Amino acid sequence: MSRFNPNHLNAAQVFQAAQDFKHQCLINQQSLFLPNQEIWTAPHFQSLTTNFVDQPDTGGGTFYQKLELQLATCTPLDIALMTEIFWIVQLPATNLRPPKKLKRLEEIWNIKPAAPFPVQSNFLDKPVLSGLGSAGPGYNQYFPSEMAFAVQAFAALVAMAPSARTALLNGSGFDFAEWLHSIPSGKGRQLYHTLCHVLFPDSFERMFSQNNKNKVMRGHKIWTKAMVGNRPLQDAALLDLRSKLEIQFPGAVDYYSEPIGTLLKKKPEGEDEPEGDDEESDSTPPPLRVSDNVIFYGPPGTGKTYQMQERMREAFEAGEDFTFVSFHPSYSYEEFVGGLRPTAAPDGNGIAVTYEKGPFRKLCEQAHADPSRRFTLFIDEINRANVAKVFGELITLIEPSKRVRAGSEPNDGDGTWVRLPGSRDEDFGVPDNLDIVASMNTADRSVATMDVALRRRFRFVECPPQPELISNSPALGPIDLRKLMTRLNDRLEFMLDRNHAIGHATFMFIDGLPELRRRLAERVIPQLQEYFFDDMEKVRLALTGRDTSSVFFLERKLTSAMLFPGGAHLVGSAPRVSLAVGNPSSWTEADIVKLYDDGTAIAPDMPDESATF
């Protein structure tokens, strides 16, 4: 059903070539280009594993120049096998045009030719090499890793008993997908997507990146948490989705074109991805990407969480993966990064102490395993914890200039690697495809007193109160909520500082006087009490602008003579006034207007809307 490909008219020839390859090479172990030669066998794969997979060349030069050095001791038949692996790895992708694919195939073959290059082979025809769709720039940037995974996967496949291998390759494809997904080196590799589709086009979609599959699943509301990290389960859900869409749009289901068009880009019509010889210069490793460390800061109710949720929504819709954590005063390094934790012993008797990875390390490992994608860590209320203790040595590693290339190794020469406590002999680096987005409540702790090391490694985006976002309901009569909030915040800035303010969220969606009374009594006044440490006289001053009696507060006069008739001399003779919040139902529109306008002045910078010019 997934064979329909309106943008690539030669898809039928590509699928047929893939089926012939499956039976000739994977099942019968015969060469694709050398007649009557068995080269898809364990000895030849062992040679490629020893010389290519186990000895990655991270030095200078192109992939093909380094490949020639790596395979220098291999036999001509080993080289022929590597050429045929390159053919199937590049077969579905349109990143290279047919002439460039042909050139690269010939270049590998001629490292040590077993025969003249078979340029007349049907498997090298232009329609066959035209591909099925773009795999994106990451496919070429990390192509050596894709090839290494292909060698390992096919080596494991040909090592199977013939009956088991045949059953795996002649089924619906989902047993094959489960097997391919289980190979550790394939985590995050795009070859899983390209190979499953080209070998089993009736079961697997023409989507060659995890992000695109996520976009479709999330866009069509079939995404569940159980699918995280389980690619075969995701593909089964996509097949079920296609079955349902085929009922409505028989023979016309394609996510890159109408009428479905979930992945249709608003660009020139035609291809689902820009095509061409998108072969990245491999004389150097993929460039280090600039990661984004950002903190949205401001008083309560100013949209910090909203900004984070917007970033989260964008990441979700873009098919990206992310993790959300909330810091609190008892949050620790062991919870965030990893540490020794007591767990139940395997036999059920007693406890065992094991190293458990925290959300930050788990997400970093995901990002390393899938370097062509972006990942985001969202941290709510980052300043509520002791940041220096929670991040530990990672406060250095999260700095963009200290990041390492996703998927790289400690000896590759990029960024900074460290040995984490309790993690045995594993080196750890924060990848460049991981962003960190956090929020910070400045009423809890001033930006000025934040750890300098933290401030250096993040960019700070202020979220101030925005009165213009508040709508005044006609049901409120003369009350102007914008002026009310502005006047309250001006008083707070005068009495405290600009980090202590009332956010615009406090005054949004108020549809009448009863709701405004409730907000003032249950949100505004309690927030003022927190700001002034329950000093009710200052709370009254901040709310009303006066130190005299107000309808918003109940007053009781306390005297030592009345309370301590026999010991007034021990507590002093000065009377005191006890203040408590008044009865909200008694607050009138006029009372609330007087909080910001006593008839002699209006809140600055907020023009009188009734004025005429």
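The values are calculated or read from the model by the stated rules, or taken from the named source; none is laboratory data. Nothing here was measured: the structure is a model prediction, and the numbers come from that model. As a convention, Cβ positions derive from the backbone with ideal geometry for all residues, glycine included, and neighbour counts pool all protein chains shown. SASA here: full protein model, heavy atoms, side chains in, ligands and nucleic acids out. Shrake-Rupley method; radii C 1.70, N 1.55, O 1.52, S 1.80 Å.
Quick notes
- Hits in the stretch 338-392 - residues which are assigned to a helix (DSSP H, G or I) and within 24 Å of residue 210 (Cα to Cα): 359, 360, 361, 362, 363, 364, 365, 366, 367, 368, 369
- Close Cβ contacts (under 6 Å, 6 or more residues apart or on different chains) running from residues in the stretch 146-159 that are among the aromatic types (Phe, Trp, Tyr) to residues that are open to solvent by less than 10 Å² (accessible area, probe 1.4 Å) and assigned to a helix (DSSP H, G or I) comprise 149/186; 149/191.
- Selection status of residue 194, in contact with a strand residue (DSSP E or B) (Cβ under 7 Å, 6 or more places away or on another chain), assigned to a helix (DSSP H, G or I) and modelled with pLDDT of 95 or more: yes
- The listed residue being modelled with pLDDT under 95, under 26 Å from residue 12 (Cβ atoms), of a type in the set (Asp, Glu) and part of a loop (DSSP other than H, G, I, E, B), out of 258, 205: 258
- Of the helices (runs of 4 or more DSSP H) entirely within the stretch 443-542, those holding at least 3 residues that are more than 30 Å from residue 400 (Cα to Cα) and either at pLDDT 95 or above or of a type outside the set (Lys, Arg) (or both) occupy 481-495, 513-519, 525-531.
- Test: residue 403 is touching a residue at least 60 places away in the same chain (Cβ under 8 Å) and not hydroxyl-bearing (Ser, Thr, Tyr): yes
- Counting only helices (runs of 4 or more DSSP H) that sit wholly inside the stretch 1-105, those with at least 1 residues that are open to solvent by 10 Å² or more (accessible area, probe 1.4 Å), polar (S, T, N, Q) and out of contact with any helix residue (DSSP H, G or I) (no Cβ under 9 Å at 6 or more places or on another chain) are 63-70.
- The stretch 533-587, residues that are touching a residue at least 60 places away in the same chain (Cβ under 8 Å) and open to solvent by less than 60 Å² (accessible area, probe 1.4 Å): 581, 584, 587
- Taking the stretch 506-532 as the range and being among the hydrophobic types (A, V, I, L, M, F, W, C) and either touching a His at 6+ places or on another chain (Cβ under 6 Å) or farther than 12 Å from residue 481 by Cβ (or both) as the test, the residues that pass are 521, 525, 528, 532.
- Selected residue (criterion: surrounded by the most Cβ atoms within 10 Å (Cβ to Cβ)) from residues of the stretch 106-116 that are without any contact (Cβ under 8 Å) to a residue 60 or more places away in the chain and part of a loop (DSSP other than H, G, I, E, B): 111
- Subset of the stretch 287-302 (residues that are open to solvent by less than 20 Å² (accessible area, probe 1.4 Å) and either assigned to a loop (DSSP other than H, G, I, E, B) or within 30 Å of residue 409 (Cα to Cα) (or both)): 291, 293, 294, 295, 299, 302
- Residue 160 satisfies every condition listed in (1) over 25 Å from residue 67 (Cβ atoms); (2) of a type in the set (A, V, I, L, M, F, W, C); (3) not in a loop (DSSP other than H, G, I, E, B) except (3).
- When residue 527 is tested against (1) closer than 19 Å to residue 463 by Cα; (2) loosely packed, with under 14 Cβ neighbours inside 10 Å; (3) of a type in the set (S, T, N, Q), just one condition goes unmet, and that condition is (2).
- Any hit, the stretch 545-566, residues being closer than 30 Å to residue 440 by Cα and either in a helix (DSSP H, G or I) or modelled with pLDDT of 90 or more (or both): yes
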